[in-house]
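I have placed the structure first, in the form of structure tokens, so that the comments after it can refer back to it.
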Amino acid sequence: MSKKVAVVTGSAGGLGKGIAERLLKDGFNVMIHDINQDALTKTAEELKSLGDVATFVGDVSKKEDQEALVAAAVEKFGQLNVFVNNAGVEAVTPFLEIDASELERTFKINVFGTVYGTQAAAEQFIKQGTPGKIINACSIAGHEAYEVLGTYSASKHAVKAFTHVAAKELASKHITVNAYCPGVAKTKMWDRIDAEMVKADPSLKPGEPFAKFSGEIALGRYETPTDVANLVHFLASEDSDYITGQAILVDGGLVYN
Ligand SMILES: NC(=O)C1=CN([C@@H]2O[C@H](COP(=O)(O)OP(=O)(O)OC[C@H]3O[C@@H](n4cnc5c(N)ncnc54)[C@H](O)[C@@H]3O)[C@@H](O)[C@H]2O)C=CC1
Ligand SMILES: CC(=O)C(C)=O
């Protein structure tokens with residue numbers, strides 16, 4: 001039987017890289033993808049000993065790039081089985097200062113990107129006549145809303161809503177749609193959030209926002225890409241076949257709903 005094929009968007013670094021690594025170890029052929037070509041090439045070099053990995057440079061906020069990504073994965077590996085809408089960006093701004101450019105950038109990448117990726121993947125699954133799994137990056141910020149993270153929180157609430165709706169509409173085609181909701185992981189995203197929170201409140205020192213958020217985690221440590229990849233591994237596997245439309249928290253005990 002041919003190997004299953006997964007695409008992971010925004011996987012040159014951070015959580016996406018950890019997810020790609022785990023799916024390669026699980027035996028998937030993996031198309032890694034990012035807007036940052038140099039970082040993507042470096043990551044492919046690091047991952048290639050784990051299995052068949054290919055690269056695609058694209059911008060998730062562009063529908064044509066998402067369609068081309070799916071086409072490239074199918075051309076390279078012959079089919080598509082799992083599509084992980086991982087790419088996302090943060091926005092850290094006091095509410096009264098949120099402007100159109102922040103709203104447009106954040107929603108285009110986090111929300112439009114997830115919708116376009118879901119559509120492109122679902123169309124391919126339907127064309128193949130096979131089941132498929134779509135797995136979206138949500139967040140604790142898709143369950144709660146955080147001060148100075150208003151735009152980001154709203155975008156992740158939208159990701160959660162689209163996860164529910166896509167799951168309902170695509171279930172009859174045997175396509176499941178779920179989301180993973182990480183808590184506080186020390187990736188480049190949190191380095192930038194920390195710096196911006198310090199800028200917004202000069203009484204804070206660098207590292208304090210991250211320490212404050214991660215200090216509230218019940219399990220007593222911040223999250224690693226492996227913690228997130230463990231959940232995505234499950235959602236990409238047959239063991240999750242009877243689960244759809246869920247936005248599952250993987251946060252070490254931070255948000256309870
Ligand atoms: N780090 C954390 O604590 C948490 C992260 N998340 C979510 O997990 C996902 C991954 O986050 P991190 O790895 O921390 O972020 P990161 O910033 O470390 O990595 C994101 C990757 O996405 C790529 N990317 C950004 N815009 C893109 C675009 N338009 N098209 C294609 N690629 C693009 C970046 O180049 C980068 O390689 C995001 O959706 C984020 O919102 C959710 C909860 C917590
Ligand atoms: C980065 C993130 O998802 C937060 C702060 O909830």
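The values are calculated or read from the model by the stated rules, or taken from the named source; none is laboratory data. Computed from a prediction, not measured in an experiment: that's the story for all the values here. Virtual Cβ from ideal backbone geometry, glycine too; neighbours counted across all protein chains shown. The accessibility values were calculated without ligands, DNA or RNA, using every heavy atom of the protein model including side chains. Shrake-Rupley method; radii C 1.70, N 1.55, O 1.52, S 1.80 Å.
The residues of segment 141-176 that are within 13 Å of the chain's Cα centre (by Cα) and either part of a strand (DSSP E or B) or among the β-branched types (Val, Ile, Thr) (or both), listed by number, are Val159, Thr163. Tell me, yes or no, whether segment 148-155 has at least one residue that is out of contact with any Leu (no Cβ under 9 Å at 6 or more places or on another chain), more than 16 Å from ligand 2 (Cβ to nearest atom) and over 18 Å from Val60 (Cβ atoms). No, every residue in segment 148-155 fails to be out of contact with any Leu (no Cβ under 9 Å at 6 or more places or on another chain), more than 16 Å from ligand 2 (Cβ to nearest atom) and over 18 Å from Val60 (Cβ atoms). Total residues in segment 176-202 satisfying the condition of being modelled with pLDDT of 95 or more, of a type outside the set (Val, Ile, Thr) and more than 23 Å from Asn36 (Cβ to Cβ): the figure is 5.
Looking across segment 237-257, the residues that are surrounded by 15 or more Cβ atoms within 10 Å (Cβ to Cβ), within 16 Å of ligand 1 (Cβ to nearest atom) and assigned to a loop (DSSP other than H, G, I, E, B) come down to Gln246, Asp251, Gly252, Leu254, Val255.
How about segment 103-140: which of its residues are in a helix (DSSP H, G or I), in contact (Cβ under 8 Å) with a residue 60 or more places away in the chain and within 11 Å of ligand 1 (Cβ to nearest atom)?
In the first step, residues of segment 103-140 are kept if they are in a helix (DSSP H, G or I); the result is 103-128, 140.
Those left that are additionally in contact (Cβ under 8 Å) with a residue 60 or more places away in the chain: 113, 117, 121, 140.
Correct list: Gly113, Gly117, Ile140.
Counting only helices (runs of 4 or more DSSP H) that sit wholly inside segment 1-102, those with at least 2 residues that are of a type outside the set (Val, Ile, Thr) and surrounded by 23 or more Cβ atoms within 10 Å (Cβ to Cβ) are 14-25, 63-77.
Within segment 116-139, how many residues are open to solvent by 30 Å² or more (accessible area, probe 1.4 Å) and more than 18 Å from His174 (Cβ to Cβ)?
1
If you go through segment 159-187 one residue at a time, how many are within 12 Å of ligand 1 (Cβ to nearest atom) and among the small types (Gly, Ala, Ser)? Residues in segment 159-187 being within 12 Å of ligand 1 (Cβ to nearest atom) and among the small types (Gly, Ala, Ser): 3 in total.
Here's the yes/no breakdown for (1) surrounded by fewer than 15 Cβ atoms within 10 Å (Cβ to Cβ); (2) outside any helix (DSSP H, G or I):
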residue: Asp194; (1), (2): no, no
residue: Ser203; (1), (2): yes, yes
residue: Lys212; (1), (2): yes, no
residue: Leu219; (1), (2): yes, yes
residue: His233; (1), (2): no, no
